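Here it is, the structure, as structure tokens.
The values are calculated or read from the model by the stated rules, or taken from the named source; none is laboratory data. All of these numbers come straight from a predicted model, not from anything done at the bench. Virtual Cβ from ideal backbone geometry, glycine too; neighbours counted across all protein chains shown.
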Amino acid sequence: MLAALLVAVDVGHYAAEPGVISASGRPEFGYNRDLALEVKADLEESGVRVRLIGERGDYAVLHHRTRDARGADLFLSIHHDSVKARLLPEADRFAGFSLFISKLNPKARKSLACASAIGARLRAAGFTPSRYHADPVLGAPRPFADETNGVHWYDNLAVGRSATMPSVLVEAGVIVNREEERRMRDPEVRGRIAAAVAAGARDCLSGKEE
Ligand SMILES: [Zn+2]
């Protein structure tokens, strides 16, 4: 059954606008690509087909990403996180993963099931949800869809609302935090994150989390 599945793994941002600049000055795009490649390898190892999107850094238009994911059973967008500009001087206080889904996605329930499954696998692997995106002062705010597993509603999320399949955006960690950035660079840590994301995607697509 897994062999029939196709997951679109999207590398967040692109060369001209590479996302957050990390504490050490490395753009987010490179982190996203490194992690996305590992998620792809883990999924393929278990027999799931993967379509990688944006790995060459040439996707400037967000809805082209979900357009080119057509036919996939799940759209997974890989990102690394920051904090509001005024909180950057205290960025070392912020750490952890966050998962975002849109109510405007036609498969919002399945999106939630997949995000919860990914969050549960990340927690089981020793990672902790960041939580601050739900806070009106520290975050946007993005209310919790599944507080335990670090899943937030983000209804205008472009890759959430424009996807025709279930869609989850993964913020793997906060790279404006110096210590967290060091962890995100560690191949062992990246490997555990990738394995958890891939396992969560498999869990929800094989129906275990429904
Ligand atoms: Zn990003």
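Here's the yes/no breakdown for (1) in a helix (DSSP H, G or I); (2) at pLDDT below 95; (3) under 16 Å from residue 74 (Cβ atoms):
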| residue | (1), (2), (3) |
| --- | --- |
| 100 | no, no, yes |
| 117 | yes, no, yes |
| 142 | no, no, no |
| 152 | no, no, no |
| 169 | no, no, yes |
| 184 | yes, no, no |
| 191 | yes, no, no |
| 195 | yes, no, no |
| 209 | no, yes, yes |
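Read through the list (1) out of contact with any helix residue (DSSP H, G or I) (no Cβ under 9 Å at 6 or more places or on another chain); (2) touching a residue at least 40 places away in the same chain (Cβ under 8 Å), then give the number of the only condition that residue 126 fails.
Here residue 126 meets the rest and fails (1).
Can you report the number of residues in the stretch 128-171 which are of a type in the set (A, V, I, L, M), within 14 Å of the chain's Cα centre (by Cα) and within 20 Å of residue 28 (Cβ to Cβ)?
Qualifying residue count, the stretch 128-171: 6.
Which of the following residues is over 14 Å from the mean Cα position of the chain (by Cα) and within 16 Å of the ligand (Cβ to nearest atom): 106, 27, 89?
When all the criteria are applied, what remains is 27.
Checking residue 158 against (1) closer than 20 Å to residue 35 by Cα; (2) of a type in the set (A, V, I, L, M); (3) in contact with a His (Cβ under 8 Å, 6 or more places away or on another chain), which test does it fail?
Going through (1) closer than 20 Å to residue 35 by Cα; (2) of a type in the set (A, V, I, L, M); (3) in contact with a His (Cβ under 8 Å, 6 or more places away or on another chain) one by one, residue 158 breaks only (1).
So which residues in the stretch 74-86 are within 16 Å of the ligand (Cβ to nearest atom), without any contact (Cβ under 8 Å) to a residue 60 or more places away in the chain and not in a loop (DSSP other than H, G, I, E, B), if there are any at all? Working first, answer last.
At the first step, the residues of the stretch 74-86 found to be within 16 Å of the ligand (Cβ to nearest atom) are 75-85.
Keeping just the survivors that are without any contact (Cβ under 8 Å) to a residue 60 or more places away in the chain gives 84-85.
Result: 85, single match.
Whether any residue in the stretch 54-71 is buried (at least 24 other Cβ atoms within 10 Å of the Cβ), away from the ligand (no atom under 16 Å from the Cβ) and part of a helix (DSSP H, G or I) is what I want to check.
Looking through the stretch 54-71, none of the residues is buried (at least 24 other Cβ atoms within 10 Å of the Cβ), away from the ligand (no atom under 16 Å from the Cβ) and part of a helix (DSSP H, G or I).
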